[in-house]
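Here it is, the structure in full.
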Protein chains: 2
Amino acid sequence: MAIASAQQEVIEKAKAARLAAREMGVLPTSAKDRALLAMAQALIGRQHFVLEANSADVRAARDAGLSEALIDRLLLSEKRIAGMAAGLREVAGLPDPVGEVIEGWRRPNGLQIFKVRVPLGVVGMIYESRPNVTVDAAGLCIKAGNAVILRGGSEALQSNVALVRVIAEAAHGAGVPKGALQLIETAERAAAQQLMRLNEHVDVLIPRGGEGLIRAVVDNATVPVIETGVGNCHVYVDEFADLEMAERIVINAKCQRPGVCNACETLLVHQAVAPEFLRGVGPLLVEQGVELRGCPRTREIVPGAHEATEQDWRTEYLDLILAVRVVDSFEQALAHIADYGTRHSEAIVTRDYERAQRFVELVDAAAVYVNASTRFTDGGEFGLGAEIGISTQKLHARGPMGLRELTTYKYIVRGAGQIRS
Amino acid sequence: MAIASAQQEVIEKAKAARLAAREMGVLPTSAKDRALLAMAQALIGRQHFVLEANSADVRAARDAGLSEALIDRLLLSEKRIAGMAAGLREVAGLPDPVGEVIEGWRRPNGLQIFKVRVPLGVVGMIYESRPNVTVDAAGLCIKAGNAVILRGGSEALQSNVALVRVIAEAAHGAGVPKGALQLIETAERAAAQQLMRLNEHVDVLIPRGGEGLIRAVVDNATVPVIETGVGNCHVYVDEFADLEMAERIVINAKCQRPGVCNACETLLVHQAVAPEFLRGVGPLLVEQGVELRGCPRTREIVPGAHEATEQDWRTEYLDLILAVRVVDSFEQALAHIADYGTRHSEAIVTRDYERAQRFVELVDAAAVYVNASTRFTDGGEFGLGAEIGISTQKLHARGPMGLRELTTYKYIVRGAGQIRS
C-alpha cells in the first residue's frame, strides 16, 4: 500500500508538472523574475517556520546517530537562509535563456528555419541532504522556464517540505502556475524509482550527491540523466614546470576546499623534478593537515607518506588526503589521467608550449587547465552564473551547468506552402 | 558459453574503440576526409564481395519467410552501393566540426576560457536491417572524430561483416587507427545488452529502428541514449487556412513517402472548415491509396472513412493510412498534439498571424511548421548535411542530428598561476 501510494503521489505530481510546464515555457521573463524575488522575500519573512522544521530534522538526525559532518550539511541558520535568498536574487538578475534564436537561415526553397532555445520541460532533481539544493534548483529551473520535481534526502524532509511550501506559495502568488514546483514528500524508495521511469512526464533527471546516489540513478533510470559531480581530479607537475607556481596550485587545488568535486585528489609529478618539488611541497601539505599516500618513489623522497594502493588512484577522497605518484614521462601522466580520471577537471603546470598544447588536446575532461588550479570549475568562477551541478558526462552539457544548460532547442520552420518533391 | 563469449567480444571491441577514440580526436581533417574517400572507393571496387555476402543474407531471409518489405530493406544492389559511396563522399565534403571554438572569454582574474568542440568519443549504434546504416554511421562518426561500435540486425549480419571489412580496411589504410570502426559480429542478444551497459568505454548510444528497438535500448541502457525516430506527426488545418495550400501540404505530408518518421499520421481539421476541406481532400487521398480512419464528424463528411479508435490517435502507421479528427477549436488541436504527439514534427496551416505565432510557441516538438509539409524534417532538407538520425528527446540534440550533434565540448582554461581564494 505504501509503495502504491508513493508511486501514485509521483505520477500525480509529474502529471501536474507536465501541465504546468506548458505554461512555464511561455511565461514572460518579468513574471519569472518577480517570482524569484518573491520567493527570496518569503524565505526571509518566514524563516522561523523553516528553521523550526529544520530543527525537527536535526533532532531526528542526532537521535539516529548521524555524523556531525552530515548534520552540518543538514543544518539551516538565518545566515544560510539569507544565502539561499541571495542566490534566488542573483538568478533573477541573470539573462533569460528562453527565446534566444541560436541560429537561423533560409533554404533555397524559401523555407525559413529558426533554431530557438526553449525550456527542457519537466526536470527531476534527486539529491541528498543539503536543503539549499531545494531552493537553488527551484530558482534555476523556474528561470529557465521549466517545471521541477524535487526529491531530496529523507533526513531533510521536514526542512524541504517547509522550504517548498514557502517558495511555492510565493512563486504562485507572483504568477508561476501551480504544479511548476513540486516536492515528493514520501520517503519510500519506490517514489524515486517511479520518478526515474516516468518518461512520459519527465524530460530529464539531474542527480546530485555522492557516487552511490548517482550510480543508482544511472542504473535505474529510463528518463535521460545528466550525471554530475564525481571528480577524481589530477594536477600534473611537468618537468618544465615553474615549481613555485606548481606549489601554489597544488596546495590550492587540494586544501582550499577539500570536500568539493573540483578539488585535486592525485598529484602526478615528472621524475625529473620530483625530488626537488616533493621535498618542498610535501611538508607544506602536511602542515595544512593533508595525509599523503605515495607511490614507492614518492615515499623515498617524502618518508612520511603512506603507501598508496591501486584503490587510491581511483578514489575521490573529498578530504585532506592526497595520492602522489612520480611518473616517468609526460605520456605516463596522460595515461594515468585517462585510466583513473573521471573527466571532471585536470591540470598541467608547465612552461613548455608544446606540452601545454598537447595536454589540452589529449586530455578528455570537462575542464582542462594549464597553469591554474582545478578549483575554478564552477559556474560562478567561469562567469556563467549560478549552477545546478557539474556534468561529468558528454551528452547535452559538460562542466558547470547553468541556466542555458537547463534548456533545449526546437526548430521553427516558416513556409509559404512548401511541399517536398 | 555463447553468452560469455558474446560479452567478451563486446568488451574487447569497446576497449579497442576507447583507445582508438583518443587518436581519432586529434586526427587532422585531411586524414579523415582521405579515409572517407578511400572507403567510398573501396566500396565500389569491392562491391561484388559485398553483394555476394548480401545474397547470402537475402537467401536466408527468404528461407526464414521474412516479408518482401523487410527483404527489400535488406537488399543491396550496385545502385545502392553507389548511393552509400556517394554518401561518404558527401560527408568528406562537409566542414569538420571538431576544434571549433564555440565561445571564449577572459575572466577578471586573467583566466582565459575556451569552449571547444570535441568528439563524443565512442558512439554505439544499435540498428535494424538496412545495411546502408552501417556505412552512413561509420562515415559520420569518423568525420566527427569518434570511434564507432556498430550492432546491426542479425538478418543483415553477412552484409554488415562484408561492408565493415571493406570500409575498415580502407579507413585504416588512410590513417584511421585500428579499432575506430568495429562491428559486433555475434547475433547473441547478450552482446547488445553488454554494449548498453558499458559506461566505461561507450559515451553514447544511438538506436535506429522501430519503436520496439528504441524502447528496448531506453529501458536497458545505462550508457546515455539519444532516442531517435518515432514520429506521430500531425497537420492541423486551421479555420483560417488557405484550403488549397492545406490540401497540397496534407497530401505531401502523408503520401510523398509514407514509411518515414516525418510523414503525417493524423490530420486535425477545424470544424469551421471541416466539411469543405474534407470533402475536397478525402477523395484525393483515397485516390492516392490512403485508408482514412476518422472521428464521427469526419465519417459524416467522408462516409468512406473507417472508424478511428483511441489507438489510431497513438499510432505511427508508416503506411498509407491517415487518422482524421475534426476539432472544435485551435485549443483542442493543441491539446490533441500535446496528448498524442511524439514531439517529432508538427504543422499548422493558417493565414492568421496570431494562430501561427501561438502554434510555434506552444507546440513542443523538434520541428514546428507553419504552412509547410512535415516531410522537411531531415538533415539534408534543413541544409545540415547527412544525418545519423532524428532525435525525439530533448537532451543534447533535437531533430536532425548531423556531424555537429556527434560532438560535445570541453572547456580549455589557460592561466598564469591563478589559484582560487
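A:Arg358 is checked against (1) closer than 30 Å to A:Ala147 by Cα; (2) among the basic types (Lys, Arg); (3) free of Cβ contacts under 8 Å to residues at least 40 places away in the same chain and fails just one. What number does that condition carry?
(1)
Would you be able to tell me the number of residues in segment B:251-260 that are touching a residue at least 40 places away in the same chain (Cβ under 8 Å), among the aliphatic types (A, V, I, L, M) and either crowded, with 18+ Cβ neighbours inside 10 Å or within 19 Å of B:Arg325 (Cα to Cα) (or both)? Please lay out each step first, then the result.
Restricting attention to segment B:251-260, the residues satisfying the condition of being touching a residue at least 40 places away in the same chain (Cβ under 8 Å) are B:252-260.
Within this subset, residues satisfying the condition of being among the aliphatic types (A, V, I, L, M) are B:253, B:260.
Restricting the remaining residues to those that are either crowded, with 18+ Cβ neighbours inside 10 Å or within 19 Å of B:Arg325 (Cα to Cα) (or both) gives B:253.
Within segment B:251-260, residues that are touching a residue at least 40 places away in the same chain (Cβ under 8 Å), among the aliphatic types (A, V, I, L, M) and either crowded, with 18+ Cβ neighbours inside 10 Å or within 19 Å of B:Arg325 (Cα to Cα) (or both) number 1.
With respect to the numbered conditions (1) part of a loop (DSSP other than H, G, I, E, B); (2) buried (at least 19 other Cβ atoms within 10 Å of the Cβ); (3) not charged (D, E, K, R), which one is the sole condition not fulfilled by B:Leu140?
(1)
Answer yes or no as to whether A:Val290 is modelled with pLDDT of 95 or more and away from chain B (no Cβ under 14 Å).
Details: modelled with pLDDT of 95 or more: yes; away from chain B (no Cβ under 14 Å): yes.
So A:Val290 fits the description; yes.
Does A:Ala356 satisfy the condition of being modelled with pLDDT under 95 and more than 7 Å from every other protein chain (Cβ to nearest Cβ)? Talk me through it step by step, then tell me what you get.
Details: modelled with pLDDT under 95: no; more than 7 Å from every other protein chain (Cβ to nearest Cβ): yes.
Against the criterion (modelled with pLDDT under 95 and more than 7 Å from every other protein chain (Cβ to nearest Cβ)), A:Ala356 does not qualify.
Where residues in segment B:292-308 are in contact with a strand residue (DSSP E or B) (Cβ under 6 Å, 6 or more places away or on another chain) and part of a helix (DSSP H, G or I), which of them is farthest from B:Glu244 (Cα to Cα)?
Here the answer is B:Arg297.
Among the residues of segment A:262-291, which ones are out of contact with any strand residue (DSSP E or B) (no Cβ under 8 Å at 6 or more places or on another chain) and not in a helix (DSSP H, G or I)?
A:Ala272, A:Gln288, A:Gly289
Got a sec? Which of A:Ile126, A:Ile102 is aliphatic (A, V, I, L, M) and more than 15 Å from the chain's Cα centre (by Cα)? It would help to see each step written out before you state the result.
Values: A:Ile126 fails: more than 15 Å from the chain's Cα centre (by Cα).
Exactly one of A:Ile126, A:Ile102 is aliphatic (A, V, I, L, M) and more than 15 Å from the chain's Cα centre (by Cα), namely A:Ile102.
Could you grab me the full set of residues in segment A:176-197 that are within 14 Å of chain B (Cβ to nearest Cβ) and among the β-branched types (Val, Ile, Thr)?
None - no residue of segment A:176-197 is within 14 Å of chain B (Cβ to nearest Cβ) and among the β-branched types (Val, Ile, Thr), so the list stays empty.
Now for a different question. Given (1) in a loop (DSSP other than H, G, I, E, B); (2) closer than 30 Å to A:Phe376 by Cβ, identify the lone condition not met by B:Val116.
Failing condition for B:Val116: (1).
Can you work out which of the residues in segment A:38-51 that are surrounded by fewer than 18 Cβ atoms within 10 Å (Cβ to Cβ) and touching a residue at least 60 places away in the same chain (Cβ under 8 Å) is farthest from A:Leu181 (Cα to Cα)?
Looking at the filtered set, the residue picked out is A:Phe49.
What number of residues in segment A:358-379 are under 12 Å from the mean Cα position of the chain (by Cα) and either surrounded by fewer than 23 Cβ atoms within 10 Å (Cβ to Cβ) or in the same structural domain as A:Ala144 (by TED's automatic domain parsing) (or both)?
Adding up the residues that qualify gives 2.
Need the failing condition index for B:Gly173 against (1) away from every other protein chain (no Cβ under 14 Å); (2) surrounded by 24 or more Cβ atoms within 10 Å (Cβ to Cβ); (3) small (Gly, Ala, Ser), just the number.
Every condition holds for B:Gly173 apart from (2).
Something else now. Tally time: how many residues in segment B:23-52 are under 18 Å from B:Pro97 (Cβ atoms) and part of a helix (DSSP H, G or I)? If you could, list the steps in order and put the result at the bottom.
Going through segment B:23-52, the residues under 18 Å from B:Pro97 (Cβ atoms) turn out to be B:23-36.
From what's left, part of a helix (DSSP H, G or I): B:23-24, B:29-36.
So the count comes out to 10.
Check B:Glu346, B:Glu247 and return the single one that is surrounded by fewer than 20 Cβ atoms within 10 Å (Cβ to Cβ) and either in contact (Cβ under 8 Å) with a residue 12 or more places away in the chain or out of contact with any His (no Cβ under 6 Å at 6 or more places or on another chain) (or both).
Working: B:Glu346 fails: surrounded by fewer than 20 Cβ atoms within 10 Å (Cβ to Cβ).
Only one candidate passes the filter, namely B:Glu247.
Here is a yes/no grid of residues against (1) of a type in the set (A, V, I, L, M); (2) touching a Cys at 6+ places or on another chain (Cβ under 8 Å); (3) modelled with pLDDT under 95:
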position: A:Ile3; (1), (2), (3): yes, no, yes
position: A:Ala6; (1), (2), (3): yes, no, yes
position: A:Lys13; (1), (2), (3): no, no, no
position: A:Thr29; (1), (2), (3): no, no, no
position: A:Gly45; (1), (2), (3): no, no, no
position: A:Asp72; (1), (2), (3): no, no, yes
position: A:Ala92; (1), (2), (3): yes, no, no
position: A:Glu103; (1), (2), (3): no, no, no
position: A:Asn109; (1), (2), (3): no, no, no
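Listed residues A:Gly282, A:Gly229; which is within 30 Å of A:Gly209 (Cα to Cα) and small (Gly, Ala, Ser)? Quick ask: steps written out before the conclusion?
Numbers: A:Gly282 fails: within 30 Å of A:Gly209 (Cα to Cα).
The conditions single out A:Gly229.
For the list (1) within 16 Å of B:Gln271 (Cβ to Cβ); (2) in a helix (DSSP H, G or I); (3) over 28 Å from the mean Cα position of the chain (by Cα), I need the number of the one condition that B:Glu354 fails.
Every listed condition holds for B:Glu354 apart from (1).
Let me ask something else. Of all residues in segment B:198-221 being of a type in the set (Val, Ile, Thr) and under 19 Å from B:Ala21 (Cβ atoms), which is nearest to the other protein chains (Cβ to nearest Cβ)? If you could, list the steps in order and put the result at the bottom.
Step one: of segment B:198-221, the residues of a type in the set (Val, Ile, Thr) are B:202, B:204, B:206, B:214, B:217-218.
Keeping just the survivors that are under 19 Å from B:Ala21 (Cβ atoms) gives B:202, B:204, B:206.
Details: B:Val202: 11, B:Val204: 6, B:Ile206: 11 Å.
Checked segment B:198-221; the qualifying residue nearest to the other protein chains (Cβ to nearest Cβ) is B:Val204.
Any residue in segment B:319-333 that is in contact with a helix residue (DSSP H, G or I) (Cβ under 8 Å, 6 or more places away or on another chain), modelled with pLDDT of 95 or more and facing chain A (nearest Cβ under 10 Å)?
There is no residue in segment B:319-333 that is in contact with a helix residue (DSSP H, G or I) (Cβ under 8 Å, 6 or more places away or on another chain), modelled with pLDDT of 95 or more and facing chain A (nearest Cβ under 10 Å).
Find the residue count for segment A:95-122, including only residues that are out of contact with any helix residue (DSSP H, G or I) (no Cβ under 7 Å at 6 or more places or on another chain) and buried (at least 17 other Cβ atoms within 10 Å of the Cβ). Talk me through it step by step, then tell me what you get.
First, the residues of segment A:95-122 that are out of contact with any helix residue (DSSP H, G or I) (no Cβ under 7 Å at 6 or more places or on another chain): A:95, A:98-110, A:112, A:114-118.
Next, from what is left, pick out any that are buried (at least 17 other Cβ atoms within 10 Å of the Cβ): A:98, A:114-118.
Qualifying residue count, segment A:95-122: 6.
Okay, moving on. So which strands (runs of 3 or more DSSP E) stay within segment B:361-421 end to end and still have 1 or more residues that are facing chain A (nearest Cβ under 7 Å) and at pLDDT 95 or above?
Details: elements: B:367-372, B:389-391, B:399-401, B:407-418.
The strands (runs of 3 or more DSSP E) meeting that bar are B:367-372, B:399-401, B:407-418.
Which of the residues belonging to segment B:278-325 are more than 14 Å from B:Val250 (Cβ to Cβ) and charged (D, E, K, R)?
The answer is B:Glu291, B:Arg293, B:Arg297, B:Arg299, B:Glu300, B:Glu307, B:Glu310, B:Asp312, B:Arg314, B:Glu316, B:Asp319.
Give the residues of segment A:18-37 that are closer than 23 Å to A:Leu94 by Cβ, within 14 Å of another protein chain (Cβ to nearest Cβ) and buried (at least 19 other Cβ atoms within 10 Å of the Cβ), sorted by residue number.
Filtering segment A:18-37 down to residues closer than 23 Å to A:Leu94 by Cβ leaves A:20-21, A:23-37.
Keeping just the survivors that are within 14 Å of another protein chain (Cβ to nearest Cβ) gives A:20-21, A:23-28.
If the condition is that a residue be closer than 23 Å to A:Leu94 by Cβ, within 14 Å of another protein chain (Cβ to nearest Cβ) and buried (at least 19 other Cβ atoms within 10 Å of the Cβ), then A:Ala20, A:Ala21, A:Met24, A:Gly25, A:Leu27 are the ones that fit.
The values are calculated or read from the model by the stated rules, or taken from the named source; none is laboratory data. None of the values given here were measured: they were computed from a predicted structure. No Cβ is skipped: glycine too gets one built from the backbone with ideal geometry, and neighbour counts run over all protein chains shown.
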